[in-house]
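Colleague: Sharing a structure here in structure tokens format.
The values are calculated or read from the model by the stated rules, or taken from the named source; none is laboratory data. Quantities reported herein were computed from a predicted structural model and do not represent experimental measurements. Here the Cβ positions follow ideal geometry from the backbone for every residue, glycine too, while neighbour counts run over all protein chains shown. The area values use the complete protein model at the heavy-atom level, side chains included, leaving out ligands, DNA and RNA. Shrake-Rupley method; radii C 1.70, N 1.55, O 1.52, S 1.80 Å.
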Amino acid sequence: MISRDLAEVFRAVGIDEEPPAGELTRETAEAVASAVRRQTGTTHALAVLIDLDDGPDRIEFGGTICLAIATEDGAASRRSRILGGREWVRLGAVELGLDCLRRHLQGLPVYERTDFEKA
């Protein structure tokens, strides 16, 4: 599911509470991924949440990405920051999410930085 409204995401995945105010957190992504896994009955669920900066698109424009991979045994998550404009942030978040899922499935840690993340 894709939505610009985190409350809509919560409702769609069956979370009855309102999303927490403030910055996105790993715990929020874990809650969404766990709810998706329970709702769909899958072995794994991936949630990628993006909080884009305000203002006009520019090269130093960025976004914070919180992602989580939920399994029956718990969730692996990470928080990251990507710069480079709106489209670069969106593409980077997709690549980061899929790469973390690949790493998780291979038994590797999901928290290693990629070359396009801001340190």
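Colleague: Run the helix sum for the chain: -39,500 (n - 2.57) per DSSP H stretch of 4+ residues, divided by residue count, reported at 222 nm to the nearest 500 deg cm²/dmol.
Modeller: Calculated mean residue ellipticity at 222 nm is -11500 deg cm²/dmol.
Colleague: Which stretch or stretches of segment 11-28 have amide N atoms under 15 Å from the point lying 7 Å from residue 90's Cα along the Cα→Cβ direction?
Modeller: none
Colleague: What's the carbon and sulfur percent of the chain's accessible surface, probe 1.4 angstrom, rounded to a whole number?
Modeller: Solvent-exposed carbon and sulfur of the chain make up 51 percent of the total.
Colleague: Can you list which of the trypsin sites (Lys or Arg not before Pro) found in segment 14-100 are DSSP loop residues with at most 15 other C-beta atoms within 10 Å?
Modeller: 58
Colleague: Now a separate question. Return the Cα extents of segment 1-67 along principal axes one, two and three, sorted largest first, each rounded to a whole Å.
Modeller: Projected onto the principal axes, the Cα atoms of segment 1-67 cover 41, 23, 19 Å.
Colleague: Treating only the Cβ atoms of Lys and Arg (+1) and Asp and Glu (-1) as charged, compute the dipole magnitude of the chain about its Cα centre; round to the nearest 20 debye.
Modeller: Using Cβ point charges on Lys, Arg, Asp and Glu, the chain gives about 320 debye.
Colleague: Stick to the Cα atoms of the chain, pair each with every other, and give me the Kirkwood hydrodynamic radius in Å at one decimal.
Modeller: Evaluated over the chain, this radius sits at 14.6 Å.
Colleague: Spin-label point model (7 Å from Cα, Cβ direction): what's the residue 21 to residue 54 distance in nm?
Modeller: Between residue 21 and residue 54, the simple spin-label model gives 1.5 nm.
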